[in-house]
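Single-structure report; data block below.
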Amino acid sequence: MANEPTTRQPGAAAAPAAPAAVPAAAPSAASKPPSPAEALSTAKQVEELADKLSACADSIHARVMSDIRRHGGGEVPEAEQAAARALLDAEIELRQRANRLYAEAAACIVSSLGQSQQKLIQLTTDAAAKIQHITRISDGISLVARLLGLAAAAATGQVMPILAAVGALKLQLDVITLHNPPAAGTSTASAVPPAESA
Amino acid sequence: MNLRRFQSLSVLLTLAAGLLLGGCANTTANGPVSLYEVRQFADASARIGGYGELSRRYRDTYQREQPYLSPAADRIARENDARRRAVYDDFVSIQKSLVLYMQTLSLLAGEGRYDLTPQLDDLGTGLKANAESGLQQRHIAAYTGLTRLLTRVIASGYQNRSVATMVRDGDADVQALLEAMITLTRLYAKTNDNEKKTVLGIFDVEIPFSTKNQDRMLVTLAKVHYLNKATEYKLVDKRYDLALQGLTKVSLGHQRMRENLNNLTGDEMRKLLAGYGRDLVALRDALSD
């Protein structure tokens, strides 16, 4: 591909202990078939989570693009380039995780996330909104790292890793709120504009 | 003497009436005209476009996106690839069973009686129903149910079968399988969306960063590539939508038939089915462009 020595940092810099390996033989509910209502709601939940993660990826992309556009076509300093590339890598990885969940939705292997589903959805929605507006890029990178951790945990379908990841994400969101005291009108956590691509 | 003749005459008449009525109710030899729209609809449903091609596209996602992935993303993508490939056959089998069902329905609604046993054999022994098969239990059950129905009908040479009984017996399984196909098509579309954003995303970022003079050729190549890819994805996006529309129409048409078993030949039903049939043909044409 390109000759330029792109410093592609693999995914998130401060990667949490995200289980990259996937349990080969999923200890799923293969024994007892879920009732039609259960099975459908489970698949829908998994798809919904994948949708939210994709939306986060869209947010990351929009954020990176708005940072780039601030330079109005001129030179972008090396440090900023590195940060942008790190976020781009994270975005791409997040999309792969989301695709994994779409495959899971088809397979319905991931057991229902149950009560934490709603909280999870809310958190990821919150994260998508925050990514757009945070002022410190380092906060952004940490937040994205937590999101990746959550996505990885979700794919395992196991409660403990998911709860841990949710906790870490919530913590990071609180930190960001501290660094970004709400000014007038920042509490509009409305729909994130999709990434522009001609 | 008179009584006996009268009796034998009435027996004859009853026999004749029975044959006539029996012929009509069987809808096999007589009355194909009134089930023409059913046949049209079934034919169009059997030839529905999009799902097969989009299933293949879903299976081959990794091939297309691989050049654009970082090492970390590539690791995850490889796992995804293995999963997609493992379940592809099952996704295709569902469609095969539905196609065969529609072909059988079409035969029942018409005059021909050619042998569909080869297609039945092609369905195989069943889905790879294990934890990784990629289908929910109820879809597997629906597939099994439908293939059993088809085996009974086809192997018996369509005896004692009418369109009405076929629709009545097959509707639940048909609807479950169609729902599976609709869900899968939707998941295909979302996966494709992530693929598109992965492929195009890199250029969004790297082109603005390549401002030196020696980057000019590279940037030009990148911009041309970007445009080609963007156009490609725009065209593909439409196909998911068309495929979903088609599947929905098949589901609706069959549902209406189920609700109107005793009135399949009524004017309203015929108009409705004719409309669905035309829509399906139009969708198929749009997809074959």
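Past the 27 Å Cα-Cα mark, which pairs from B:190/B:223; A:130/B:212; A:52/A:170; A:44/A:170? Over 27 Å Cα-Cα: A:130/B:212. At full extension, residue B:53 and residue B:255 could sit 70.2 nm farther apart than now, given 0.36 nm per residue minus the alpha carbon distance.
Sorting A:53-66, A:70-83, B:263-276 by their mean Cβ neighbour count within 10 Å, with the most densely packed peptide first, gives A:53-66, B:263-276, A:70-83.
Taking a ≥ b ≥ c as the square roots of the Cα gyration tensor eigenvalues, the range B:184-289 comes out prolate, since a/c reaches at least 1.5 and a/b is larger than b/c.
Within straight-line reach of residue B:271, meaning a Cα separation under 19 Å, sit the following lysines at least 8 residues removed in sequence or on another chain: B:249.
A simple spin-label model places the labels of residue B:88 and residue A:164 3.6 nm from each other, with each point 7 Å out along Cα-to-Cβ. Between the beta carbons of residue B:263 and residue B:289, assuming R0 = 41 Å, the FRET efficiency works out to 0.65 to the nearest 0.05.
Packing here is the average count of other Cβ atoms within 10 Å per residue, and on that basis the peptides B:109-119, B:278-288, highest first, run B:278-288, B:109-119.
Could you work out the local net charge near residue B:53, counting Lys and Arg as +1, Asp and Glu as -1, over the other residues with Cβ closer than 12 Å to its Cβ? Walk me through the numbers on the way to the answer.
Values: positive: B:56, B:57, B:59, B:239, B:284; negative: B:60.
Computed value for this residue: +4.
Taking each residue as 0.36 nm, the span from residue B:274 to residue B:152 lengthens on full extension beyond its C-alpha to C-alpha distance by 41.1 nm.
Read-outs: derived from the displayed coordinates by stated rules, not from any lab. Note that the structure is predicted; figures quoted are calculated from it, not measured. Here Cβ is always computed from backbone atoms with ideal geometry, including for glycine, and neighbour counts include all displayed protein chains.
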